[in-house]
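Written below as structure tokens is the structure these notes are about.
The values are calculated or read from the model by the stated rules, or taken from the named source; none is laboratory data. Small disclaimer: the values here were computed from a predicted structure and weren't measured. Cβ: placed from backbone, ideal geometry, glycine included. Neighbour counts: every protein chain shown.
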Amino acid sequence: MVMLQMAEKTTKTKRRALLMTQNEPVTTPAPSPAVFQEPQPLSGDAFDRMRMDPEIQQFRRKLMLGAGAVALIVVLIVVWSLLPSPVKEKKGETLASKLAKAGDSPSENGGKLVFPPGTSLMQPDEPLPQVNSGNLVFRPPGSEDLKTASALPKVTGGDLAKLAAAEEVIAKFLETPTWKQRVLLVRDRLRVAPLMSIYYSKNADGPLAFDSIVEATETSPKFSQHVVVFEGGGRRVATVEHTAAGPRVDWEAFVGSGEMGWADFLELKQAAPTLFRVLVSPAGHFENQFGDPSKLQCYSLRNISEPGAKVVYGYADKSGPIAKALDFQLQQSEDATVPMILRLKFPPDAPVDFQVWIQQFVQSGWVTP
């Protein structure tokens with residue numbers, strides 16, 4: 001055993017190291033040459049052994065799944081491309097040209113086109129199939145929204161000529177400067193002339209500025225209805241009777257005429273039953289003599305014969321025939337209001353001028369036979 005003393009350069013610390021005798025490493029005896037053998041070849045084909053490798057089999061499965069997904073996508077694309085698609089509409093082809101190809105031609109009225117049933121005024125990017133109940137679509141003046149008119153019936157070429165003649169008469173009727181000239185174009189003019197004289201003595205006379213006539217419906221072989229669109233977007237139905245002397249406008253239905261002026265009826269609180277053409281809709285106003293909703297049915301009555309005409313409430317016995325007839329007409333109609341001809345009267349000593357009795361239901365619609 002030997003003891004050494006050492007010193008570091010930085011701290012000059014003295015350290016001692018103990019040297020001990022080392023044991024000699026143990027040597028492993030070399031194996032006997034008899035332990036080792038020559039490499040032996042594996043049995044079977046090398047390619048078969050590689051194919052059965054688990055990693056190679058897993059890679060093969062992933063490859064097959066990917067190829068199947070790609071094949072499925074290709075098949076879907078081919079099927080999608082084979083599906084039928086609508087043919088694009090030729091540029092520059094108008095409704096008039098399409099009607100000309102079909103053998104029908106629109107009639108022209110003051111620069112306004114009136115199209116036959118089954119024609120839409122909108123120009124879609126792709127042609128639409130024929131609709132049996134064809135609707136007319138129009139844009140009211142000053143509005144960006146399209147409006148759909150009621151469905152038109154299927155008519156023949158002769159009917160189209162009749163409707164075109166009716167619209168020509170309506171245009172003249174609206175453009176006539178005075179009622180004395182207008183009476184020559186109205187239905188049943190000998191009876192209606194005195195009513196027109198009274199009406200225009202209290203209401204403004206003169207031509208009515210309109211924008212277009214957007215609908216033409218043949219309601220029967222004798223009558224047709226046409227919707228007039230006024231400047232500003234107001235609409236009104238004009239009924240035409242087709243007579244041997246030519247088309248004639250139903251003036252009473254056009255202005256909503258009654259047996260007396262609406263304002264006069266309300267001011268006098270007329271107790272005698274009086275005939276009026278009114279727009280009827282359900283209501284629920286109950287007061288004064290008409291304050292019992294368990295016994296009475298209430299309706300809103302609006303008259304269009306006078307500008308700013310006051311709306312009144314009409315009442316009928318809830319279990320009576322009048323209320324049943326009115327309710328039936330309202331249920332059958334798709335509109336919120338239904339034009340009807342009614343006989344109205346005020347109760348004795350009526351405290352207000354906006355509550356009346358409905359004395360009689362005459363008919364639905366404003367055109368009398």
Checklist line | Complete set of residues in segment 281-303 that are surrounded by 15 or more Cβ atoms within 10 Å (Cβ to Cβ), out of contact with any Pro (no Cβ under 9 Å at 6 or more places or on another chain) and not in a strand (DSSP E or B) | finding: Ala283, His285, Asn303
Check: Does Ala271 satisfy the condition of being surrounded by fewer than 17 Cβ atoms within 10 Å (Cβ to Cβ), in contact with a Lys or Arg (Cβ under 6 Å, 6 or more places away or on another chain) and modelled with pLDDT under 95?
Finding: yes
Margin query: If I filter segment 244-253 for residues that are more than 28 Å from Thr176 (Cα to Cα), over 32 Å from the mean Cα position of the chain (by Cα) and not in a loop (DSSP other than H, G, I, E, B), do I get at least one hit?
Written below: no
Next item on the list: Out of the residues in segment 201-225 that are of a type in the set (Gly, Ala, Ser) and under 18 Å from Leu185 (Cα atoms), state the one that is surrounded by the most Cβ atoms within 10 Å (Cβ to Cβ).
Entry: Ser224
Next item on the list: Filter segment 294-320 down to residues that are farther than 17 Å from Val237 by Cα and in contact (Cβ under 8 Å) with a residue 40 or more places away in the chain, then give me how many there are.
Entry: 10
Check: Here are some residues: Val255, Val278, Val228. Which one is surrounded by 18 or more Cβ atoms within 10 Å (Cβ to Cβ), without any contact (Cβ under 8 Å) to a residue 60 or more places away in the chain and closer than 30 Å to Ala350 by Cβ?
Finding: Val255
Next item on the list: State whether one or more residues within segment 343-358 are surrounded by fewer than 18 Cβ atoms within 10 Å (Cβ to Cβ) and either outside any loop (DSSP other than H, G, I, E, B) or in the same structural domain as Val183 (by TED's automatic domain parsing) (or both).
Entry: no
Next item on the list: May I ask you to verify whether Ala238 is closer than 19 Å to Glu175 by Cβ, surrounded by fewer than 20 Cβ atoms within 10 Å (Cβ to Cβ) and touching a helix residue (DSSP H, G or I) at 6+ places or on another chain (Cβ under 9 Å)?
Entry: no
Next item on the list: Within segment 319-347, work out how many residues are more than 32 Å from the chain's Cα centre (by Cα), more than 24 Å from Lys269 (Cβ to Cβ) and at pLDDT 95 or above.
Entry: 1
